[in-house]
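Take a look at the structure below.
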Protein chains: 2
Amino acid sequence: MNPAVLHLPDLYRPIEADLARVVAIMDQELQSELPFVAQLCERVRGYRGKMLRPALLLLSGQSVAGVQGAGGVTSEHHTLAAVVELVHLATLVHDDVLDQAEERRRQATISSTNGNEAAVMLGDYLISHAFHLCSSLDSQSASRLVGHTTNVVCEGELMQIHSRGHFKLSEPDYIEIIRRKTAALTAACCRLGATHAGADETLASRLEVFGESAGIAFQIVDDILDVVGEQKKMCKTLGRDLELGKMTLPVIHYLREASAEKQDAMLKKLASAEHDDRAHVAQLLTEFGSVAYATSVAEQHVSRAMNMLEGLPESASRTSLLSMAEFIIQREN
Amino acid sequence: MNPAVLHLPDLYRPIEADLARVVAIMDQELQSELPFVAQLCERVRGYRGKMLRPALLLLSGQSVAGVQGAGGVTSEHHTLAAVVELVHLATLVHDDVLDQAEERRRQATISSTNGNEAAVMLGDYLISHAFHLCSSLDSQSASRLVGHTTNVVCEGELMQIHSRGHFKLSEPDYIEIIRRKTAALTAACCRLGATHAGADETLASRLEVFGESAGIAFQIVDDILDVVGEQKKMCKTLGRDLELGKMTLPVIHYLREASAEKQDAMLKKLASAEHDDRAHVAQLLTEFGSVAYATSVAEQHVSRAMNMLEGLPESASRTSLLSMAEFIIQREN
């Protein structure tokens, strides 16, 4: 038992009541009188996992309270937290179509049980409800940021699709892809939380960079876990990145730093994309230090994130944000 | 040569300059510095066909000018017309994934050349840009209506997916599906055009019903053409509805009205879903009068649509809207 192990429910304590409100708003938004639609939405409830994005938004809002006259979390935050989680759920549903994944959060994916058609349309339904919910706010400013963010997320996903099987993808290009597809949304969460609590532009920008850096680190760790994680703990199909020719940081490092001979052997493995090879690829990447390298890059982004919170007054929410950044590195699923 | 044949460019004459502006706004919104994304967007330009939805929005705006102090078409109309066309393009791209279609507007579909993954994400990109563009307007009212509309469209698509292969689908259920998946957007176009020109609620509602009725008629005719249309004229893969077990009005009529023996024979054909049978199915549906029945239902909706415009003053735009309703029945593609 490691006493320093972080548990999300502990980190979420300052926003417990707020998160309950967010879940209620999501449930209300996804109500449908059509039985088949209601049934699919019920399935999507099971996709709600860590609620990281709503938590980032709410904690960011709370953490700026009192700074230069900024307020705290308002009912707008609850709506916006539901919006970002709906956007995230939509990307999960469509990602499962893209990745042909069979399992997510220990349950069969919608694409695998109801077909790609239903999954494509359910993802669209979730995106649509996200924007619909966002348009219930008084001002357009959040809709503009959310719309801009989803533009960037889609670009990141398209870049990733285009880069599949490009074994010479550079590290900067990889970082740019994950900055768009993952970190753009976490950055927007922190900015929205801050601005809607009344933070000024300087403070909002710092929180945005916190969210972006944390998001980049999160995705690097996610990619590492896809290679070396334990299937049981991850609750989703692993090894898909390798199979689909999706480049991840350990592989990029290996193909850049290993001897020509080793590179050739790795390229052959990647091109064959045999699922059985996952364990061997993991071993090679670990032994050569490529996993450690990728972890160190993630750690740098976590440090950068934590630095951004230095100017904030001590508070339970600030502590939680710092712990969430640490959690990214610690997590095993 | 039939002198009464309608040509869309003639009907669009009152809004020619406006449509050029709409295209420019769309092009600007879809600009991307990422080569792969820009290349896909270039492909999407080829999907722009009849521009029916922007035309409905603009003509609706023009047609109410002068009624109880309503103005005419504004720059907001141009933006909104681009928004609804982007929404429509997104549904086309995702429909091609759903229908596994290979051809649209005489060119290969994006799903067939770039894979379903790219098509799913490109559709998301288009939806995202539609909402992003909509959020550039001063007020949230359009975002709310567009968000509500896309919710309804997705529900219609999900109902349709769920009803595939349900050969006992009733006519009211079929109409409800197409009211949602197709007519909700055309209804929203006409309402948006009217309200943003300053029309009062009564007038806006009448134009909304015009758009809804026209949309229902349009989809019925689309479904008829999928069965009896000519491949060359339609510029897209035909017979998909039959193959995919999608129920259409001629088939619903046949399975309701034909003798038990004929019904059985038809059900066997539908279950086998042989592409070669399309010609024979078309013949059966035509000879039994099911195509004529479906056409008559479409005509009723067109009449209803045209009645809605009775209170409007004579104008070129009103004439165009009436002709567009007629065009729905006449069209061969």
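Return only the number of the condition from (1) closer than 30 Å to B:Ala65 by Cβ; (2) more than 24 Å from the chain's Cα centre (by Cα) that B:Ala305 does not satisfy.
(2)
Hand me the list of helices (runs of 4 or more DSSP H) wholly inside the range A:40-146 holding 2 or more residues that are farther than 20 Å from A:Ser315 by Cβ and within 14 Å of chain B (Cβ to nearest Cβ).
Those helices (runs of 4 or more DSSP H) span A:75-99, A:110-134.
B:Asp173 - would you say it is surrounded by fewer than 23 Cβ atoms within 10 Å (Cβ to Cβ) and either closer than 13 Å to B:Met159 by Cα or in contact with a Cys (Cβ under 9 Å, 6 or more places away or on another chain) (or both)?
Yes.
Confirm whether B:Glu157 is surrounded by fewer than 18 Cβ atoms within 10 Å (Cβ to Cβ) and acidic (Asp, Glu).
no
Within the range A:14-41, can you find the residues that are loosely packed, with under 12 Cβ neighbours inside 10 Å and of a type in the set (D, E, K, R)?
If the condition is that a residue be loosely packed, with under 12 Cβ neighbours inside 10 Å and of a type in the set (D, E, K, R), then A:Glu16, A:Glu33 are the ones that fit.
Inside the range B:174-236, counting only helices (runs of 4 or more DSSP H) that do not spill past its ends, which hold 2 or more residues that are out of contact with any Leu (no Cβ under 7 Å at 6 or more places or on another chain) and in contact (Cβ under 8 Å) with a residue 12 or more places away in the chain?
Correct list: B:184-195, B:201-228.
Pick out the one residue from A:Gln107, A:Gln68 that is more than 20 Å from A:Ala214 (Cα to Cα), surrounded by fewer than 18 Cβ atoms within 10 Å (Cβ to Cβ) and touching an Asp or Glu at 6+ places or on another chain (Cβ under 8 Å).
Exactly one residue qualifies, and that residue is A:Gln68.
Which of (1) touching a Leu at 6+ places or on another chain (Cβ under 9 Å); (2) crowded, with 20+ Cβ neighbours inside 10 Å; (3) under 30 Å from A:Ser60 (Cα atoms) is the odd one out, the single condition A:Gly311 does not satisfy?
Failed condition: (2).
Among the listed residues B:Val73, B:Val64, B:Val84, identify the single one that is on the phi < 0 side of the Ramachandran plot and touching a Pro at 6+ places or on another chain (Cβ under 8 Å).
Result of the check over B:Val73, B:Val64, B:Val84: B:Val84.
Kindly indicate whether any position in the range B:285-305 is among the acidic types (Asp, Glu), closer than 26 Å to B:Tyr254 by Cα and free of Cβ contacts under 8 Å to residues at least 24 places away in the same chain.
yes
The numbers here are math on the coordinates, done by the rules we state, and not lab data. The model shown is predicted, which means the values in this text are computed figures rather than measured ones. Cβ atoms come from the backbone with ideal geometry, glycine included; neighbour counts cover every protein chain shown.
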